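Here is the structure we will look at.
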């Protein structure tokens, strides 16, 4: 909260000028940061990548909840006006606990992605919606439940795509092996003849073109990060929390208005950020994870 | 130390009857457990898989050291006569710190793997030794340094194979994509015309056949886990620490003489253990990671 006093004189202005917080288990959430940055050029962002404890997709409910709460409390302590949980696994498992713990609006990626898929297929009487995600997200049924809440008639098929994350991180975006693996991972989706396919893991938008070619051009791909950015924009308007002033000059991804924190291995994060975003963060800082209840800055 | 008193009356006998401790960042170390179990049927083992914090291969030196010390202290507190660090990354980065902290013999996998590679190529005046490992292990140069200590004339080439771990965990052992990825990952090794190739990551023995076919039958593959098991056997003899009595009946992998701990997601561990070993642990227990200095049992 250095330099920003949420309770002082012109409180409204102060809160509106606060950044939007984003956390993810690691680098994958940078696709969500990109979506937010592109849609909301007036806002600035604080991103926390929990690189010391990535991945979340193979961890238990209790552990994911604990990590998610620690990350949220750290960002809250830095001073943010809204929190975006970019990590699909944390969105699927930990949103209620996060909302119990912090007093600001929290937006996950599951609800927005599910609602967007239903909206994009509203011309169908019985929309056929595919979901691809990590093992943990698929097993949680979070997307299937959220889609069913938004549409009584939707038919849903889910598939885990475990090799997509390492392929994205290695930047194997056009290799024949990637297309061949995609054909295997997406076979149930293709057989299902999906109308729309939710990319239910932050890494998957990196493989957008491979996935689109594999499932066919007629299938609408839903980027949950982009859907979340739309809902964040609506929420900022509804709550009167949008940043009051235009940022001067052109903003670029990773410029010095946005602050990035990682819990470990900052160099690797910067390298993968360059692969994902085309540039490295101007402001990147490593923080330490201190046990169960504390995340302290160095 | 429940039930076992290392300082009481017939001390020699008590210590010899203690299990050998093994820790790894996750499931990969099960290949080292298998090697130890096969070579030392009289011994029993306590295995800790740090599944809450896997993988180590993308984390920093300080973090890997901290995790390794916590794991070692937990196993030491359970009561073990010797510690095997199955994880290549932890062996590369954290052995000195572990040895500072605990008072029993500690065997890593890097030294044994390196010495075995030199031994297996001793008919060559200038042995050509390849090493494949994670990014972090390659960057540490731990294998290259250890090989140079064992042979003044060896020529060494290292390569990171980042997609091998997810392929092994998904059990894609005979898929055409696996062979195709192996051809790419191992191209520098093949071009180098290696005489021997060290499998410098615990997961790689699972892909032994793919790797052997890719590099050619004339290349000697060195399983660092098997090499470590040989050195553990020699050390047990030299120190008079071998188990004094024959275990009655046939031992099988994962039988109830061996105790497995994980820091998270025990079900997933059991599932991958079945893929790697053909059976699930009889005794598998989840423990919690409590901050910097403590690993407590539930």
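The values are calculated or read from the model by the stated rules, or taken from the named source; none is laboratory data. Fair warning: this is a prediction, and the values are worked out from it, not measured in the lab. All Cβ positions, glycine included, derive from the backbone under ideal geometry; neighbour counts span all protein chains shown.
Residues that are farther than 17 Å from residue B:90 by Cβ, buried (at least 22 other Cβ atoms within 10 Å of the Cβ) and within 14 Å of chain A (Cβ to nearest Cβ) within region B:183-206 comprise just one, B:186. If you check residue B:97 against the conditions, is it in contact with a helix residue (DSSP H, G or I) (Cβ under 8 Å, 6 or more places away or on another chain) and not in a helix (DSSP H, G or I)? No.
Take residue B:243 and decide whether it is within 25 Å of residue B:91 (Cβ to Cβ) and part of a loop (DSSP other than H, G, I, E, B). Considered against the rule, which asks whether it is within 25 Å of residue B:91 (Cβ to Cβ) and part of a loop (DSSP other than H, G, I, E, B), residue B:243 comes out as yes. Would you confirm whether or not region B:185-193 contains a residue that is assigned to a loop (DSSP other than H, G, I, E, B) and under 25 Å from residue A:268 (Cβ atoms)? Among the residues of region B:185-193, at least one is assigned to a loop (DSSP other than H, G, I, E, B) and under 25 Å from residue A:268 (Cβ atoms), which makes the answer yes. Among the criteria (1) within 21 Å of residue B:55 (Cβ to Cβ); (2) in contact with a strand residue (DSSP E or B) (Cβ under 9 Å, 6 or more places away or on another chain), the one residue B:232 does not fulfil is (1).
Of everything in region B:277-298, what is over 22 Å from residue B:101 (Cβ atoms) and either modelled with pLDDT of 90 or more or within 9 Å of chain A (Cβ to nearest Cβ) (or both)? Give them in sequence order. Write out each step before concluding.
To start, the set of residues in region B:277-298 that are over 22 Å from residue B:101 (Cβ atoms) comprises B:277-286, B:298.
Passing the criteria: B:277, B:278, B:279, B:280, B:281, B:282, B:283, B:284, B:285, B:286.
Kindly evaluate residue B:202 against the criterion of being within 27 Å of residue B:61 (Cα to Cα), in contact (Cβ under 8 Å) with a residue 40 or more places away in the chain and not in a helix (DSSP H, G or I). Against the criterion (within 27 Å of residue B:61 (Cα to Cα), in contact (Cβ under 8 Å) with a residue 40 or more places away in the chain and not in a helix (DSSP H, G or I)), residue B:202 qualifies. Checking each residue of region B:64-81 against the condition of being assigned to a loop (DSSP other than H, G, I, E, B), surrounded by fewer than 21 Cβ atoms within 10 Å (Cβ to Cβ), within 12 Å of chain A (Cβ to nearest Cβ) and out of contact with any strand residue (DSSP E or B) (no Cβ under 7 Å at 6 or more places or on another chain) gives no match. Does region A:220-238 contain at least one residue that is at pLDDT 95 or above, touching a helix residue (DSSP H, G or I) at 6+ places or on another chain (Cβ under 8 Å) and part of a loop (DSSP other than H, G, I, E, B)? No: zero hits. May I ask you to verify whether residue B:34 is outside the structural domain of residue B:200 (by TED's automatic domain parsing) and at pLDDT below 95? Against the criterion (outside the structural domain of residue B:200 (by TED's automatic domain parsing) and at pLDDT below 95), residue B:34 does not qualify.
Hey, can you tell me all the residues within region B:29-62 that are under 23 Å from residue B:77 (Cα atoms), touching a helix residue (DSSP H, G or I) at 6+ places or on another chain (Cβ under 7 Å) and within 14 Å of chain A (Cβ to nearest Cβ)? Matches in region B:29-62: B:49, B:50, B:51, B:52, B:53, B:56. Here is the figure for region A:112-147: residues that are out of contact with any helix residue (DSSP H, G or I) (no Cβ under 7 Å at 6 or more places or on another chain) and within 14 Å of chain B (Cβ to nearest Cβ) total 3.
Residues of region A:103-151 that are at pLDDT below 95 and farther than 20 Å from residue A:193 by Cβ: A:103, A:134, A:135, A:136, A:137, A:139, A:140. Among the residues of region A:163-181, those identified as in a helix (DSSP H, G or I) and either buried (at least 22 other Cβ atoms within 10 Å of the Cβ) or more than 22 Å from the chain's Cα centre (by Cα) (or both) are A:164, A:165, A:167, A:168, A:176, A:177, A:178, A:179, A:180, A:181.
Only one residue in B:114, B:146 is in a helix (DSSP H, G or I) and touching a residue at least 60 places away in the same chain (Cβ under 8 Å), so which one is that?
Values: B:146 fails: touching a residue at least 60 places away in the same chain (Cβ under 8 Å).
Only one candidate qualifies: B:114.
Restricting attention to region A:117-143, report how many residues are in a loop (DSSP other than H, G, I, E, B) and free of Cβ contacts under 8 Å to residues at least 40 places away in the same chain. Walk me through it before giving the result.
Residues of region A:117-143 in a loop (DSSP other than H, G, I, E, B): A:121-127, A:134, A:141.
Keeping just the survivors that are free of Cβ contacts under 8 Å to residues at least 40 places away in the same chain gives A:122-123, A:125-126, A:141.
Result for region A:117-143: 5.
For region A:41-54, the tally of residues that are part of a loop (DSSP other than H, G, I, E, B), crowded, with 19+ Cβ neighbours inside 10 Å and touching a residue at least 40 places away in the same chain (Cβ under 8 Å) stands at 6. Given the structure, is residue A:222 away from chain B (no Cβ under 14 Å), over 28 Å from residue B:165 (Cα atoms), surrounded by fewer than 24 Cβ atoms within 10 Å (Cβ to Cβ) and in contact with a strand residue (DSSP E or B) (Cβ under 8 Å, 6 or more places away or on another chain)? No, not satisfied.
Note on region A:163-173: among residues that are in contact with a helix residue (DSSP H, G or I) (Cβ under 8 Å, 6 or more places away or on another chain) and free of Cβ contacts under 8 Å to residues at least 12 places away in the same chain, the one that is farthest from the other protein chains (Cβ to nearest Cβ) is A:172. Restricting region B:149-162 to residues that are within 14 Å of another protein chain (Cβ to nearest Cβ) and not in a loop (DSSP other than H, G, I, E, B), the residue that is surrounded by the most Cβ atoms within 10 Å (Cβ to Cβ) is B:160.
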